[in-house]
Every structure is written in C-alpha cells, then in structure tokens.
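A.B. asks: Let me give you the structure first, and then I'll get to my questions.
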Amino acid sequence: MLDRATLLQRLAEPRTWDLAVIGGGATGLGVALDAAARGFAVVLVESHDFAKGTSSRATKLAHGGVRYLAQGDIGLVREALRERSAMLANAPHVAQRLPFVMPGYRWWERAYYGSGLKAYDALAGRRGLGATEWLSTREVCQLLPGVQTQGLAGGVRYWDGQFDDARFALLLARTAAARGALVLNHVEARDLVRERGQVRGLVVRDAETGAEHRIAANCVVNATGVWVDAVRAMDREAGAPARPPIVAPSQGVHLVVERRFMPGSHALLVPKTADGRVLFAVPWLGKLVLGTTDTPRGDLAREPSPFADEVAFILGEAARYLAAAPRREDVRSVWVGLRPLVKHAREEGPAGEDGRSSFSTKALSREHTVIVGRSGLVTVTGGKWTTYRSMAEDVLDRCMTRGLLPRRPGGVTERLPLVGSAPGRPLAEPPGLHLYGSEAAAVQALPGADRWLWRDGAGGLTEAMVRFAVRHEMARDVEDVLARRSRLLFLDAAEAARIADDVAAIIGEELGRAADTAGFKALAAQYTRLP
Ligand SMILES: Cc1cc2nc3c(=O)[nH]c(=O)nc-3n(C[C@H](O)[C@H](O)[C@H](O)COP(=O)(O)OP(=O)(O)OC[C@H]3O[C@@H](n4cnc5c(N)ncnc54)[C@H](O)[C@@H]3O)c2cc1C
C-alpha cells in the first residue's frame, strides 16, 4: 500500500481532494489523520521526511507542561493532560508513562513544588499516571542514582509521559494511509494554485525525480511549522506587498550522554535553572537526554547548529545536579530543534486575512495559532507535540466553519489506535523490537532478523529492521532510516556514521539503486560537533 510508485500514480490521477495538507510533522500528520478518519479524501506532502523538522527534535515528553502550571495557564495544562492520555492509549508501544524526580536543595522547594504537582495530579483527575509523592533525601538518592547529594533536602516524585517523537509521527502517517489518505514524503509544495483569488490546490515536486504535479483540493492547510511564512508568501496576488512573517523561531538544544551519569529509571526535572527555565535529564532509548535551551534565531536552517553558550549552559546545569558531571567529550549526539513561536499576529490585523476572525484564540489552546486567509489558505503553527490531536480538531473545525469542508463530527481520533498499537516496554530501555508493537513478528520474518548492525544491550538495529523501514515505513535513504526509523543518529552519531555503509547496502538491495552515504556521514559529523 505504501509502495512509492503506487503512491505517485495516485498523486498523478486527475481528481479533486477534499483536503491537501502541506507539511508532515506532528501538526500536518495530525490534521491528515483526523480528516481521513472523518472520511475526507486527504493528500499530504512532506518536502523531506516525516518529522524531519521540529517533530523529531522534541524533548520527547508527552506532558501537561509543569511550566504552564507555574504560569497559571490551567486550561492549557488540562487540555495537554487529556491529550497525553490519548497518546499513551493509542500508541503504547511508543508512548509511555515515566516517573520524574525534582530534587530540592532549599528548605522550601520540596513543599512548594510538591503542592504545585499535587495540583497537576488534580487537574489530570482520572487520567493521572501516578500520584505525586514527597521524597526524603534518602529516597531521592535511591531513585536518582548519580544526583548531586551535597545540600540535598528531599524532593518530589511525579509522573508524566514520554514518547518516541519521530516513530510516533510515522505511525500517524501510516494510520492516515490505512484510512485512505495519500501521504507522501520527499514531495515538496512549490506553489499554490489560485483561482479567482481562492486557493484551489498545489503544485508539488517529487524530490527524487524532479517531476511536478498539480493537485486540486477544496481546502489547503499549511502546517509547515517554522516554515509557514514561506508558504504564506505563495498566497498573494502578483505584485501584492509581502506580508510580515508570523513566526519567530527559537531554538532548543539537547545533548545526549551515556546512562551511567544517571543510571536509574527516573527522569530529573530542574524546576528553575540559573536563567529561570526548566531543564530535564531524561533516560531515553538507552541514553540520557539533557535539555533544553530557548534561543531566538534569525534563520530557518534545516539542520541548525547549537551555539557555544547553549552547550555550556546545559553542561553547567548538569554539573550542578549530577555528582559526576558529563564533559564535552562525553556527548554522543547533539540535536537542535526550532520552535515556531508566533509573533506579529495582532499587528497583521484583518488586512489580507479573513476579516471576521483571523485568529483562533481557543481558550483551551492558546499556544497554537490558526489563520484562515481571505483566499481560504488555512495556516496552523505553534502548539506542542502533545496537543497535535486537539490542534487538528481545531483546524478542521475552522475549515468547516469557513465552508471549505462539509461539516462532519469530530472526536474520532481520541481513541483511535495507531498502527502496531500494543503494550510496550519502558522507553528508557535501548531501542529494539518492542518499538514495533504488534508488528514485531513481521519485522522478524524479514531476512537478517539475527544480523545486528548495531547493538545496545538486548536491543539495537538489525538488517531486518532496515528492510522493514524501506518496505513498510516509507524510508528512502540512509538518513530516513538512521535518524527517524531507528533513532541512532540522535543517540550516538558516531555509531550511526559507522554503520551507514551497511544500511546503504541494504537500502540499495531493497530499492534496486545505490543509496548515498557521504551526505549522511557529514550530517552525523555535525551531530558530534560541539562549538
Ligand atoms: C527543543 C524543543 C523541544 C520540544 N519538546 C517538546 C516536548 O517534549 N513535548 C511536546 O509536546 N512538544 C515539544 N516541543 C514542541 C514540538 O516539537 C512542536 O510543537 C512540534 O513538533 C511542531 O510540529 P509541526 O508539525 O508544527 O512542525 P514540524 O515538525 O517542523 O513540521 C513541519 C514540516 O513541514 C515540512 N515542510 C516545510 N515546507 C514544506 C513545503 N514547502 N512542502 C512540503 N513540506 C514542507 C518540513 O519539512 C517539516 O517536516 C519541543 C520543541 C522544541 C523546539
């Protein structure tokens, strides 16, 4: 069903789709799945690979947002807690609960943060993942081996969710496809088709062959994350003035080190860093993820690099909270994501937009923005991974209100198991067959199930997993496999570079053409380089 030639054939068929989505991150895929589940005819194009943008670079927390709680944004926390619950229920093989410990070093911290987290429990209600508990100093040391014990004065344990972001995105794509949507990676939207001032479709280009296609659609959704302004720029009459951008990107850096720096099964939350934000140390797929930062950025690099002060900041904070502090040479991978923060929304005013209600300020999800232009182009950006599903409902609601789609009831994805949905193992463990859920047997049935290309404990990456990525998960090149089907690039970039040739050879056999490794090795070098 996901054979590329067949998908491209469907793309070339003359027809009018109900909905065309640009962007295959959490937001676009969420919209495509929701629309397909409501029975709409949906096509989605992603210029690179699913989750190549911000959606593979999150801290991997399915969470209500302790930070928003501290800011008093109760509605947003409640909404995210509901969505956290849906994520864990619909894809338990790639989304699970995770215990967090917040260590206290000042006398008031334990009581202060503990009360806040009790409120977090109360907001979650029956969707809570475990009760918040006050911990003694001894308990904190037991649960967080490796924590800085000097000055420690107890702590608090609470529960949240954790997931594999890129694999989750892939499951959204495949589940949408199973519901009839045409989802294509490595196909870029190059232009909008406009008729009498209304957006009526897209011009897209297959990145592999260069072939262009024209797609007709009644409704077009621009879900391109930090890149939404480039698509909005396509939506204007010849000679019309350019619109001011709405996105101000802010970058977040993560550093990955070995689990030995904090070997327990709990994550650590620093509630207030030296610059007043939160910082996490999270066990994930056999490693420890440290992050993140929040640094405004002027450009929209596809592979942004960290700034020296961001790396110094994360290592400095880790040194305050971990007894054996990781050093620069301990970093196995560094990855950087861009947050699509929305600016100028108000200044833009009704000009060029739907004068009635240009902006969705839905009380419960103030973090994301939906704009319906006068031309009917629907732009959605902001929000967070955890709320992708409710964002999708909001987008479809706006499309229907605007008459771009016929009205059909929502709520269809809240309990909609994703492909492979089956009880999973803790995501703190090294990656392995458990991430495939009910599809694990299908992976094992492929050639090379016993040939390990990379090993970590009982897990790792086998030849069969690479074959599965190409045959069933739409992987087209080495990066698709090692960055987003397997997460090895994000876990240990040097190891990813080491096995790149083996992976390329298997992809070559599957696709009947050579797969490039030079580009991937250069990328892996970037993921090991600290400024
Ligand atoms: C550092 C960091 C940590 C985060 N941690 C968390 C977390 O722990 N939990 C959480 O809930 N949220 C987290 N978030 C937020 C979350 O990651 C984002 O809100 C979410 O991934 C945004 O998804 P998106 O689909 O809108 O954007 P993207 O994932 O960037 O998707 C947009 C896609 O559009 C594609 N595209 C662009 N132009 C075109 C075109 N012309 N044609 C076709 N395709 C195109 C891009 O290639 C890209 O894949 C974090 C964000 C950052 C930056």
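A.B. asks: Just name the residue that is most open to solvent (accessible area, probe 1.4 Å) out of those in region 247-269 that are more than 15 Å from the ligand (Cβ to nearest atom) and either free of Cβ contacts under 8 Å to residues at least 60 places away in the same chain or not in a loop (DSSP other than H, G, I, E, B) (or both).
C.D. replies: Among those that are more than 15 Å from the ligand (Cβ to nearest atom) and either free of Cβ contacts under 8 Å to residues at least 60 places away in the same chain or not in a loop (DSSP other than H, G, I, E, B) (or both), it is ARG260.
A.B. asks: Something else now. Can you pull out every residue in region 1-39 that is within 14 Å of the ligand (Cβ to nearest atom) and in a helix (DSSP H, G or I)?
C.D. replies: Matches in region 1-39: LEU11, ALA26, THR27, GLY28, LEU29, GLY30, VAL31, ALA32, LEU33, ASP34.
A.B. asks: Only one residue in GLY125, GLY155, GLY161 is crowded, with 21+ Cβ neighbours inside 10 Å and under 27 Å from the mean Cα position of the chain (by Cα), so which one is that?
C.D. replies: One residue alone meets the criteria, GLY161.
A.B. asks: Considering each residue of region 150-166, count those that are more than 12 Å from the ligand (Cβ to nearest atom) and in a strand (DSSP E or B), and give that number.
C.D. replies: The number of residues fulfilling the criteria is 5.
A.B. asks: Return the pairs, sorted by first residue and then second, in which the second residue is within 7 Å of the ligand (Cβ to nearest atom) and at pLDDT below 95, the first residue lies in region 380-391 and is over 18 Å from THR59 (Cα atoms) and assigned to a helix (DSSP H, G or I), the beta carbons are less than 8 Å apart, and the residues are 6+ apart or on different chains.
C.D. replies: MET391/GLY383
A.B. asks: Now a separate question. For region 392-410, give me the residue count where each residue is part of a helix (DSSP H, G or I), away from the ligand (no atom under 16 Å from the Cβ) and open to solvent by 20 Å² or more (accessible area, probe 1.4 Å).
C.D. replies: 2
A.B. asks: Among the residues of region 212-239, which ones are part of a loop (DSSP other than H, G, I, E, B) and without any contact (Cβ under 8 Å) to a residue 60 or more places away in the chain?
C.D. replies: MET234, GLU237, ALA238, GLY239
A.B. asks: Which numbered condition in (1) at pLDDT below 95; (2) open to solvent by 20 Å² or more (accessible area, probe 1.4 Å) is the only one that GLY130 fails?
C.D. replies: (1)
A.B. asks: Something else now. What are the pairs with Cβ atoms under 6 angstrom where one residue, in region 108-136, is touching a residue at least 60 places away in the same chain (Cβ under 8 Å) and the other, located anywhere, is in a strand (DSSP E or B) and buried (at least 18 other Cβ atoms within 10 Å of the Cβ)? Sequence gap at least six, or different chains.
C.D. replies: These pairs meet every condition: TYR113/MET102; TYR113/VAL156.
A.B. asks: Same structure again: Please indicate, with yes or no, whether at least one residue in region 223-238 is away from the ligand (no atom under 11 Å from the Cβ) and either within 20 Å of VAL336 (Cβ to Cβ) or in contact with an Asp or Glu (Cβ under 8 Å, 6 or more places away or on another chain) (or both).
C.D. replies: No: region 223-238 contains no residue that is away from the ligand (no atom under 11 Å from the Cβ) and either within 20 Å of VAL336 (Cβ to Cβ) or in contact with an Asp or Glu (Cβ under 8 Å, 6 or more places away or on another chain) (or both).
A.B. asks: When you check ARG84 against the structure, is it touching a Phe, Trp or Tyr at 6+ places or on another chain (Cβ under 6 Å), near the ligand (Cβ under 9 Å from one of its atoms) and either open to solvent by 30 Å² or more (accessible area, probe 1.4 Å) or modelled with pLDDT of 95 or more (or both), yes or no?
C.D. replies: No; evaluated as a whole, the condition is false for this residue.
A.B. asks: Identify the single condition in (1) closer than 11 Å to TYR158 by Cα; (2) at pLDDT 95 or above that TYR113 does not satisfy, given that it satisfies every other one.
C.D. replies: (2)
A.B. asks: A follow-up question, please. Of everything in region 40-70, what is outside any helix (DSSP H, G or I), within 10 Å of the ligand (Cβ to nearest atom) and open to solvent by less than 10 Å² (accessible area, probe 1.4 Å)? Give them in sequence order.
C.D. replies: Selection gives LEU44, VAL45, ASP49, PHE50, ALA51, LYS60, ALA62, GLY64, GLY65.
The values are calculated or read from the model by the stated rules, or taken from the named source; none is laboratory data. Given the structure is predicted, the values throughout are model-derived calculations rather than measurements. Glycine also receives a Cβ, built like all others from the backbone with ideal geometry; neighbour counts cover every protein chain displayed. To get the accessible areas, we keep the full protein, side chains included, count just its heavy atoms, and leave off ligands, DNA and RNA. Shrake-Rupley method; radii C 1.70, N 1.55, O 1.52, S 1.80 Å.
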